[in-house]
Amino acid sequence: MDKRKTLFDVIGPIIVGPSSSHTAGAVRIGYLAGQIFGEIPQSVTFKLYNSFAKTGKGHGTDKGLLGGVLGMDVDNEGIKSAFDYAKKLNVEYSFEYAQDYGRHPNSVDISLVSQNNRMEISGISLGAGEVCINRINGYKFNINGDYDTIVLIYKDKPGMVYRVTALLQGHNINIATMHCDRNAKGQEASMGICIDGHLNEDVFKELEMIDEVYLIRHIEVLKK
């Protein structure tokens, strides 16, 4: 996705430090993961890779990831007390560390669990606070928080992509980018749709009414 560089890209975001990639990036990955999960989890496990694993503790990556999942943004002073906040919410959390040179240097897998929900989400921190959620439950995505994004997992059958895109077009909503994936023909499939502007609640409710959509989320653009 091409976009023009801004001053933000040069000097980075306003954050609770110390690092834009290991702290701000971690918060944003956690925040996006929490929005995709759709609720505060009962338990969450973070598996950090490579640079995240080696230097993350000193840069507050662990607190950033947890604080993000609990709904904190990069400028929230509460990130420093994320462990205490999780305990107040009765959220169990754990961290694992690994080396895998096939993965991006700043990678994390996040396993979120609640009473009726379980999800695996992977993300990477690209530097200067820029991030990407690149997998949800094994499906490929490219969610970076630069646009309002619609996430769908649904039954793979003819006409599903058309129904979603036609509904958006009918409301004069322009699609900026779109990515589809599936695990097998006729099984489950996924869509990640970035749109220009903001998706209002009425349109989202119409999308929710499409048959055989198993999961749908609206992820709002991240604050800069």
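The values are calculated or read from the model by the stated rules, or taken from the named source; none is laboratory data. These numbers were taken from a predicted model, which means no experiment stands behind them. Reconstructed Cβ throughout: ideal geometry from the backbone, glycine too, with neighbour counts over all protein chains shown.
Points worth noting:
- Residue count for the range 175-199 under the criterion of being surrounded by 12 or more Cβ atoms within 10 Å (Cβ to Cβ), part of a loop (DSSP other than H, G, I, E, B) and either more than 19 Å from the chain's Cα centre (by Cα) or on the phi > 0 side of the Ramachandran plot (or both): the result is 2.
- Residue ranges of helices (runs of 4 or more DSSP H) in the range 1-67 with at least 3 members at pLDDT below 50: 7-11
- Flag for residue 128 being surrounded by fewer than 18 Cβ atoms within 10 Å (Cβ to Cβ), under 14 Å from residue 47 (Cα atoms) and of a type in the set (A, V, I, L, M): no
- Of the residues making up the range 86-113, those that are out of contact with any helix residue (DSSP H, G or I) (no Cβ under 8 Å at 6 or more places or on another chain) and hydroxyl-bearing (Ser, Thr, Tyr) are 94, 111.
- For the range 84-127, the set of residues classified as of a type outside the set (Val, Ile, Thr) and assigned to a loop (DSSP other than H, G, I, E, B) consists of 89, 90, 99, 100, 101, 102, 103, 104, 105, 115, 116, listed by residue number.
- Number of the exception - residue 143 against (1) without any contact (Cβ under 8 Å) to a residue 40 or more places away in the chain; (2) touching a strand residue (DSSP E or B) at 6+ places or on another chain (Cβ under 7 Å); (3) not charged (D, E, K, R); (4) not assigned by TED's automatic domain parsing to the domain that holds residue 101: (1)
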